[in-house]
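J.: Take a look at the following structure, please.
Nothing in this text is a laboratory measurement; each read-out follows from the coordinates by a stated rule. Fair warning: this is a prediction, and the values are worked out from it, not measured in the lab. As a convention, Cβ positions derive from the backbone with ideal geometry for all residues, glycine included, and neighbour counts pool all protein chains shown.
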Amino acid sequence: MIHALSLLLLSVVNSHPVPPVPTNLGLGSLVIECPGVTKVRCNDSLDPSFTGTPTTSGECDPNHPATLTYTDSVQVPACEAQRFQTTIIRTWTATDSCGNTATCDQTIHVVKEIWNFDIKSPSCPNPFNLGANGMISMTIVGTAQHDVSTIDPSTVAIWTEDCAGGPVTPVRYHFEDKATPWPGGPACGCHTLGADGIMDLDFHFRRQDVENGLHLASYPSFSYVRIFVTAQTYDGCEILGTDCVRVQ
């Protein structure tokens with residue numbers, strides 16, 4: 001009877017087999033490596049197929065690659081007068097078939113569109129007389145690639161570098177072919193070329209608003225001060241441009 005009972009119990013156990021437990025095959029700890037810093041434009045896809053995915057190694061079972069999941073944290077810069085619209089920190093998690101996990105962070109910068117900006121076009125240089133009243137003209141310059149009619153004028157503001165001064169907003173605007181884009185060169189370079197056949201967006205600012213809001217009286221006489229313009233297009237993309245004034 002003892003042998004018969006043992007055989008019966010063995011038969012019952014074998015009729016309900018336990019699922020196999022994943023076994024660590026000695027390949028080491030799970031490792032995940034994120035893609036490097038990625039830069040995308042405003043309307044680019046943020047899907048991993050476009051921005052990249054991590055690589056993994058050291059799974060407990062080499063026949064079963066680790067699964068990947070991610071979460072995004074969106075950071076908006078404190079200063080609007082800088083290059084990035086947002087920075088996304090994408091935290092990736094790899095999980096292998098044994099339940100081991102590893103994480104890494106991927107940085108994705110959503111960059112602003114760089115547009116041409118011209119102060120007092122076609123003047124060169126751009127003198128700013130402290131204490132003067134009246135208006136000063138500043139122009140977002142249209143090009144074949146940049147249609148100024150896509151800009152929401154209510155979002156325009158000017159700043160100094162690192163937002164030490166600003167924002168200062170215009171009192172009025174109009175469309176006019178007034179300026180030719182600066183082709184590049186020194187940071188405060190300029191030219192005296194005027195209309196080029198492409199529509200521009202011209203803004204008028206009160207001189208006293210600019211002087212006080214950007215703290216221009218704090219700069220040495222005849223020094224050059226970089227001024228940044230920020231704005232949004234109607235589809236929500238942010239733009240950035242820069243030009244200089246000579247304080248005197």
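J.: Give, as a single signed number, the net charge of other residues whose beta carbon lies under 9 Å from the beta carbon of Pro127, with Lys and Arg counted +1 and Asp and Glu -1.
T.: Working: positive: Lys120, Arg246; negative: none.
Residues near Pro127 contribute +2 overall.
J.: Which of (1) 50, 41, 39; (2) 114, 38, 30; (3) 127, 39, 38 is the computed Cα extents along the principal axes in Å for the structure on display?
T.: Given (1) 50, 41, 39; (2) 114, 38, 30; (3) 127, 39, 38, the calculated one carries the label (2).
J.: What value in Å³ per residue do you get for the convex hull of the alpha-carbon atoms in the stretch 113-247? List each step's numbers first, then the result.
T.: Details: hull volume 13.3 nm³, N = 135.
Residue-normalised Cα hull volume stands at 99 Å³.
J.: On to the next question. Which whole-number percent gives the relative contact order of the chain, counting Cα pairs below 8 Å spaced six or more residues apart? Mind showing how you got there, number by number?
T.: Working: 539 pairs, mean separation 47.7, N = 248.
In percent, rounded to a whole number, it is 19.
J.: Can I ask one more? For the stretch 30-111, report the translational diffusion coefficient in µm²/s to the nearest whole number, using Stokes-Einstein at 37 °C, 0.692 mPa s, and a Kirkwood Rh over Cα pairs. Each step should come with its number before you reach the end.
T.: Working: Rh = 13.7 Å.
The estimated diffusion coefficient comes to 239 µm²/s.
J.: Could you grab the relative contact order for the stretch 77-224? Cα pairs under 8 Å, six or more apart, rounded to a whole percent. List each step's numbers first, then the result.
T.: Numbers: 253 pairs, mean separation 37.0, N = 148.
So the answer I get is 25 percent.
J.: Each residue of the stretch 211-222 in turn: what ³J(HN,Hα) in whole Hz from Karplus with 6.51, -1.76, 1.60 and θ = phi - 60°, glycine and Pro shown as x?
T.: Whole-Hz 3J(HN,Hα) from phi for the stretch 211-222: 4, 6, x, 9, 6, 5, 5, 7, 8, x, 4, 6.
J.: Sorted by mean Cβ packing within 10 Å, highest first, what order do the peptides 100-107, 133-140 take? Display every interim value, and only then the final one.
T.: On the way: 100-107: 16.0, 133-140: 18.0.
Output ranking for 100-107, 133-140: 133-140, 100-107.
J.: Between the stretch 147-166 and the stretch 74-146, how many Å separate their Cα centres?
T.: 11 Å
J.: Return the distance in nm (one decimal) between the two label points of a simple spin-label model at Met199 and Phe222, each offset 7 Å from Cα along Cα→Cβ.
T.: For Met199 paired with Phe222, the spin-label model returns 4.3 nm.
J.: Next question. Distance in nm between label sites at Thr69 and Thr192, each 7 Å beyond Cα in the beta-carbon direction?
T.: 6.7 nm
J.: Which trypsin sites (Lys or Arg not before Pro) does the stretch 188-248 hold that lie in a coil by DSSP with at most 16 other beta carbons within 10 Å? Don't jump to the answer; show the numbers that get you there.
T.: Working: sites: Arg206, Arg207, Arg226, Arg246; in loops: none.
For trypsin sites (Lys or Arg not before Pro) across the stretch 188-248 that sit outside H, G, I, E and B with at most 16 neighbouring Cβ atoms in 10 Å, the list is empty.
J.: Projecting each Cα onto the charge dipole of the chain (Lys/Arg +1, Asp/Glu -1 at the beta carbon, about the Cα centre), which of Thr180, Phe222, Gln82 comes out farthest on the positive side?
T.: The one lying farthest along the dipole's positive direction is Phe222.
J.: A further question follows. For a quick check of your reading of the filter: which trypsin sites (Lys or Arg not before Pro) in the stretch 37-91 sit in a DSSP loop and have no more than 13 other Cβ atoms within 10 Å? Show your work: numbers first, answer last.
T.: Values: sites: Lys39, Arg41, Arg83, Arg90; in loops: Arg83.
Of the trypsin sites (Lys or Arg not before Pro), the ones in loops of the stretch 37-91 whose Cβ has at most 13 other Cβ atoms within 10 Å are Arg83.
J.: If you line up the long axis of helix 2-14 against the longest principal axis of the chain, both from Cα atoms, how many degrees apart are they, to the nearest 10?
T.: Approximately 20 degrees, to the nearest ten.
J.: Hey, another quick one. Test of understanding: what is the full-extension gain from Leu46 to Ala78, defined as 0.36 nm times their sequence separation minus their Cα-Cα distance?
T.: Numbers: separation 32, 0.36 × 32 = 11.52 nm, distance 2.23 nm.
This chain segment gains 9.3 nm when fully extended.
J.: Applying the Karplus parametrisation 6.51 cos²θ - 1.76 cosθ + 1.60 with θ = phi - 60° to the phi angles of the stretch 105-122, what ³J(HN,Hα) value in whole Hz is obtained for each residue in order, glycine and proline being reported as x?
T.: Per residue, the Karplus-derived 3J(HN,Hα) values read 10, 10, 9, 10, 9, 8, 8, 6, 6, 8, 10, 6, 9, 9, 8, 6, 4, x Hz.
J.: Additional query: Before rounding to the nearest 500, sum -39500 (n - 2.57) across all DSSP H runs of length at least 4 in the chain and divide by the residue total; then give [θ] at 222 nm in deg cm²/dmol.
T.: On the way: 3 runs with 24 residues, N = 248.
When only DSSP H runs of four or more count, the value is -2500 deg cm²/dmol.
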